[in-house]
Structures are given as C-alpha cells and as structure tokens.
1. Pick out, from Gln47, Cys105, Ala84, the residue whose Cα sits farthest towards the positive end of the charge dipole of segment 1-115, with +1 on the Cβ of Lys and Arg and -1 on the Cβ of Asp and Glu.
2. If you wrap a convex hull around the C-alpha atoms of segment 71-149 and split its volume per residue, what is the figure in Å³?
3. As a test of the formula, what do you get for the chain when each DSSP H run with n ≥ 4 contributes -39,500 (n - 2.57) and the sum is divided by the residue count, at 222 nm and rounded to the nearest 500 deg cm²/dmol?
4. Mind checking segment 1-98 for trypsin sites (Lys or Arg not before Pro) that DSSP puts in a loop (not H, G, I, E or B) and that have at most 14 other Cβ atoms within 10 Å?
5. Hey, what angle do you get for helix 132-145 against the long axis of the chain, alpha-carbon based, 0 to 90 degrees rounded to 10?
6. Work out the count of Lys pairs in the chain where the Cα-Cα distance is under 26 Å, with the pair 8 or more places apart or on different chains.
7. Give me the dipole magnitude in Debye, nearest 20, for segment 89-149 about the Cα centre, with unit charges on the beta carbon: positive for Lys and Arg, negative for Asp and Glu.
8. Angle between the Cα long axis of helix 12-24 and the longest principal axis of the chain, 0 to 90 degrees, nearest 10?
Amino acid sequence: MTYYIATDHAGFAIKSFVVTYLQTQGHTVVDLGPANDERVDYPDFAQKCTKSVLEDKGSFGILICGTGIGISIAANKIKGIRAALCHDAYTASMSRAHNDANILCFGERVVGKGVIESILDAFSTTSFEGGRHANRVAKIEGCSLGVID
Ligand code: RB5
C-alpha cells in the first residue's frame, strides 16, 4: 500500500516511528511533513495529505496531531475523504471494514507505540466489506453537500 503521512508539531515526534514501521511491513510511505517540530497549523497538513490521497487512487493517508481530533476534523471537510480517528486495533479495523476510511488519524498524546503498531496492522490488513455499508458510505458524500434525505 502507499501511505501519505503528515502531522502537526504535536504529532511530529512519532512520525519517524510510524514511517519506519510501515516500511518494514512492505508499504511505500511518502512523508509530507512537517520537517521539524516548530509550531504549525494542523489544517495545512491535513490539506496536503487529503490532496495526495485523492490524486493517487487507491492510496491511503495517515494524519497525526496531539489528539488526532483537529486534524481528522480538517481532513473530513474535503469531499471524498473519510478520515477515521482511531484509538485501538478495533476502531482501525472497523474504519476500513464499515466506513471504507481512506485516512487513518490518531493522537500522539493519546496512544503509545505498541497500540500504534496494532492500529497500523489492523488498518492495513482490513478491507472494506461493501454490501450494506456501501450505500451508507455513498450517503456520506451527500452529507458534505448538505442533501441528506
Ligand atoms: C496542538 O497543541 C494541538 O492542539 C493539536 O495537535 C491537536 O491535538 C488538535 O486537535
């Protein structure tokens, strides 16, 4: 799989760990920054990641901030993006199986390295189930257009 990864300053420290782990699992990882831990605004890096994921069909994104909340909210403003804030392997697995998430988010201040590895494993190895979930996921696009019925 190809992953585009970006963080803010509060997710910067764990970024290299995540990149290395994914690479050892055979994935291609593109680091979209930042290059250091100077303060940045998480919507700017959410934007970089969402753009790359949408331009590279079949790819996935990883966004990390302090809690994972701000960066996931920002990413989900973009049409076609389903960014899932995950806290454990179960939520990561379900985000793929039921929500067809294309961006994984978590908080550096929330989860430790062992949990992060299990989140990455679950997200990478779980496929979208489709079926009854496909219609629901399709309706998400309607939500962003404000046309729920
Ligand atoms: C930065 O201090 C922090 O607010 C940010 O990383 C994130 O947790 C916001 O949701």
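1. Ala84
2. Details: hull volume 6.4 nm³, N = 79.
Looking at segment 71-149, the number lands at 81 Å³ per residue.
3. -14500 deg cm²/dmol
4. Arg39, Lys57, Lys77, Lys79
5. Its long axis makes an angle of about 80 degrees.
6. 19
7. In total the dipole reaches around 100 debye.
8. Result, in degrees: 70.
The values are calculated or read from the model by the stated rules, or taken from the named source; none is laboratory data. None of the values given here were measured: they were computed from a predicted structure. Here the Cβ is made from the backbone with ideal geometry for all residues, glycine too, and neighbour counts use every protein chain on show. In case anyone asks, the SASA skips ligands and DNA or RNA and just uses the protein heavy atoms, side chains included. Shrake-Rupley method; radii C 1.70, N 1.55, O 1.52, S 1.80 Å.
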